[in-house]
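Each remark here refers to the structure printed beneath this line.
The values are calculated or read from the model by the stated rules, or taken from the named source; none is laboratory data. Note that the structure is predicted; figures quoted are calculated from it, not measured. Neighbour counts run over all protein chains shown; Cβ positions are idealised from the backbone, glycine included. Accessible surface areas use protein heavy atoms only, side chains included; no ligands, DNA or RNA. Shrake-Rupley method; radii C 1.70, N 1.55, O 1.52, S 1.80 Å.
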Amino acid sequence: MTPSVRMEDVFHTGIVATDLEAACAEITALTGAAWTPVEAREMPLRGPDGPLRPTMRFTYTLTGPNRLEVLEAIPGTVWEAPAAGTMGPLAAHHVGIWCDDVAGASRRLAAAGSPLLVTYDGEGTDPVGFAYHRLQSGLLVELVDRSRRDGFERWFAGGPFPIGVPA
């Protein structure tokens, strides 16, 4: 398969935690990481079974280039709590990648056997803003529209969270 994205476009590693604040505190104690304010917002999303509106809680480390994103587990979604056992209540979940053409890259991934799991619930059927896919290996990737990068960088620098879906 021809690469849809480039390694240098990887910008975050997503972590799902059953206790967001405890996970961040543990990572901070280990690394000295500082965090964006925790965002809590209802997200208009669409998955294979139709629309969903989870309330998501998440934060990112302030420094990069590869940041950590910690998301609070949401039962019944792609952000399900890590399985009990060796992984504990915190587990690496996905890799976030800036992408110039989310819809095109998403179609290529789906055609190659890596199904679309969730995207913004926008007009039409193409993914918009971001798209989660499960690779055949099991790895989750989040394609994130590169047009959102400046808004995220402003947020990382202390500005407001970049609300909205790109057109």
Practice task
Count, please, the residues in the range 117-133 that happen to be within 18 Å of Thr77 (Cβ to Cβ) and touching a strand residue (DSSP E or B) at 6+ places or on another chain (Cβ under 6 Å).
Solution key: 10
Fill in the blank from the handout: Exception for Pro160 within (1) open to solvent by less than 50 Å² (accessible area, probe 1.4 Å); (2) in contact with a helix residue (DSSP H, G or I) (Cβ under 9 Å, 6 or more places away or on another chain); (3) farther than 15 Å from Ala105 by Cα; (4) not basic (Lys, Arg) falls at (1)
Handout entry: Scope the range 34-74; condition without any contact (Cβ under 8 Å) to a residue 40 or more places away in the chain, more than 13 Å from Glu21 (Cα to Cα) and exposed (fewer than 11 other Cβ atoms within 10 Å of the Cβ); matching residues
Key = Glu42, Asp49, Gly50, Arg53, Thr55
Exercise for the section: Looking only at the range 110-127, decide whether some residue is more than 15 Å from the chain's Cα centre (by Cα) and of a type in the set (Val, Ile, Thr). Expected result: yes
Practice task
Could you tell me whether any residue of the range 26-34 is of a type outside the set (A, V, I, L, M), modelled with pLDDT of 95 or more and in a strand (DSSP E or B)?
Solution key: no
